[in-house]
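First comes the structure, then the notes that go with it.
The values are calculated or read from the model by the stated rules, or taken from the named source; none is laboratory data. From a predicted model like this one, the values you see are computed outputs, not experimental measurements. Cβ placement follows ideal geometry from the backbone for every residue including glycine, while neighbour counts extend to all protein chains displayed. Heavy atoms of the whole protein, side chains included, go into the accessibility calculation; ligands, DNA and RNA do not. Shrake-Rupley method; radii C 1.70, N 1.55, O 1.52, S 1.80 Å.
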Amino acid sequence: MKIEEGVALSRLTTLGAGGPGAAFARPESVEELEQALVWARERELPVATIGLGSNLLVADQGFDGLVLKLGGGLADVQVEGARLLAGAGATNAVCLHRVRAAGLGGFEFACAIPGTVGGGVWMNAGAYGSDWAAILDRALIVDEQGPRWLTPAELGLSYRHSELRHGQVVARAEFTLAPLPEEQIKANVARLQALRKAAQPTNKRTFGSVFKNPEHELGAGRMLEACGLKGYRIGGAQISPRHANFIENADGARAADAVALMVEARRRAAEQFGVELVHEVEFLSPLELPPLQ
Ligand SMILES: Cc1cc2nc3c(=O)[nH]c(=O)nc-3n(C[C@H](O)[C@H](O)[C@H](O)COP(=O)(O)OP(=O)(O)OC[C@H]3O[C@@H](n4cnc5c(N)ncnc54)[C@H](O)[C@@H]3O)c2cc1C
């Protein structure tokens with residue numbers, strides 16, 4: 001397995017912003033993954049895994065560590081009976097295609113989530129009333145302690161959250177689904193995709209929802225819309241004119257532009273609604289939102 005230097009991480013994210021990673025590797029098996037972790041440990045480098053970069057904001061300075069992107073046997077997809085067995089680097093789109101062909105339902109919600117199986121485990125991705133926790137049996141986690149299988153409860157999955165930390169890599173995941181005719185699955189997916197298209201920017205470079213929905217009658221999008229933020233722009237980034245909980249790369253956005261928009265959005269939500277918004281997007285260091293005044 002080759003370790004590359006100075007790979008542009010912006011190319012690996014859906015927003016298309018951010019600096020380079022100091023080192024980069026594509027492990028294709030659990031053994032290669034363990035070798036990569038040892039390589040980083042010997043050099044005292046932090047490790048982060050990137051899926052499709054669809055929930056990720058990489059700092060303009062880049063990441064001074066080892067970035068992993070899983071491939072080969074860590075991105076394969078098999079269906080056995082009612083079970084989906086996937087490498088964590090497999091995309092949700094490929095998984096959905098395979099389970100649909102096998103007549104297994106319950107994964108349709110993921111048609112709206114442009115990520116990988118591992119990214120879904122990391123933040124318990126979900127949409128339309130379902131999430132990873134609802135269908136996941138167990139995930140194979142690899143870190144300095146070696147590989148071990150963990151259940152959703154052991155992973156601490158809750159709303160857009162797991163207890164996983166950088167340096168812990170999701171290598172594989174296994175799900176149980178339910179038999180459903182292929183035509184029914186297709187119809188479910190078409191309905192969910194139409195709902196998504198009507199409400200969110202689907203043809204722009206974004207990282208999905210910026211903030212988690214707060215405990216409030218308004219979701220984060222409606223709240224920021226009420227703050228007058230739709231279309232608000234800083235540098236090359238703008239709050240989507242279509243859905244205020246999305247930030248679009250309007251023209252050469254830097255991570256700093258996106259962060260400045262997030263700071264302004266949090267300030268206004270706190271001022272107008274007394275709500276402290278918490279970001280859903282994951283940061284690849286050294287990024288941080290300042291505390292609210
Ligand atoms: C248009 C759009 C719509 C979206 N809609 C939704 C939605 O409806 N619901 C939803 O939940 N999300 C949504 N998202 C966000 C995103 O697609 C999901 O969070 C997705 O699960 C992220 O997966 P990823 O593979 O792209 O992860 P990345 O963005 O690459 O990474 C996200 C985090 O997971 C970690 N990670 C990724 N893979 C691994 C691994 N194998 N092992 C350990 N850590 C890993 C990364 O280090 C990072 O901290 C949307 C995004 C976009 C752009």
Open item on the list: Among the listed residues Gly89, Gly81, Gly62, identify the single one that is in contact (Cβ under 8 Å) with a residue 40 or more places away in the chain and out of contact with any Phe, Trp or Tyr (no Cβ under 7 Å at 6 or more places or on another chain).
Closed with: Gly62
- [ ] Please go through the stretch 185-234 and pick out each residue that is part of a helix (DSSP H, G or I), among the hydrophobic types (A, V, I, L, M, F, W, C) and under 27 Å from Gly274 (Cα atoms).
- [x] Ala199, Ala220, Met223, Leu224, Ala226
Task: Hey, Val281 under 27 Å from Gln61 (Cβ atoms) and within 14 Å of the ligand (Cβ to nearest atom) or not - done: yes
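Can you say whether Glu264 is under 24 Å from Ser162 (Cα atoms), more than 19 Å from the chain's Cα centre (by Cα) and without any contact (Cβ under 8 Å) to a residue 40 or more places away in the chain, as far as the supplied structure shows?
On the way: under 24 Å from Ser162 (Cα atoms): no; more than 19 Å from the chain's Cα centre (by Cα): yes; without any contact (Cβ under 8 Å) to a residue 40 or more places away in the chain: yes.
No; evaluated as a whole, the condition is false for this residue.
Under 20 Å from the mean Cα position of the chain (by Cα), of a type outside the set (Asp, Glu) and closer than 20 Å to Glu280 by Cα: does that describe Ala153? Break it down into steps so the answer makes sense when it comes.
Details: under 20 Å from the mean Cα position of the chain (by Cα): yes; of a type outside the set (Asp, Glu): yes; closer than 20 Å to Glu280 by Cα: no.
Here the answer is no, as Ala153 does not meet what is asked.
Mind listing whichever residues of the stretch 158-177 are of a type in the set (A, V, I, L, M), under 27 Å from Arg100 (Cβ atoms) and either part of a strand (DSSP E or B) or within 12 Å of the ligand (Cβ to nearest atom) (or both)? Before the answer, list the steps.
Narrowing the stretch 158-177 to residues of a type in the set (A, V, I, L, M): 164, 169-171, 173, 177.
Filter once more, keeping what is under 27 Å from Arg100 (Cβ atoms): 170-171, 173, 177.
Selection gives Val170, Ala171, Ala173.
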TODO: Filter the stretch 132-154 down to the residues that are closer than 17 Å to Thr116 by Cβ and in contact (Cβ under 8 Å) with a residue 60 or more places away in the chain, then identify the one that is most open to solvent (accessible area, probe 1.4 Å).
DONE: Leu140
TODO: Would you check which residues across the stretch 1-44 are assigned to a loop (DSSP other than H, G, I, E, B) and either at positive phi or surrounded by fewer than 17 Cβ atoms within 10 Å (Cβ to Cβ) (or both) and list them?
DONE: Met1, Lys2, Gly16, Gly18, Ser29, Arg43, Glu44
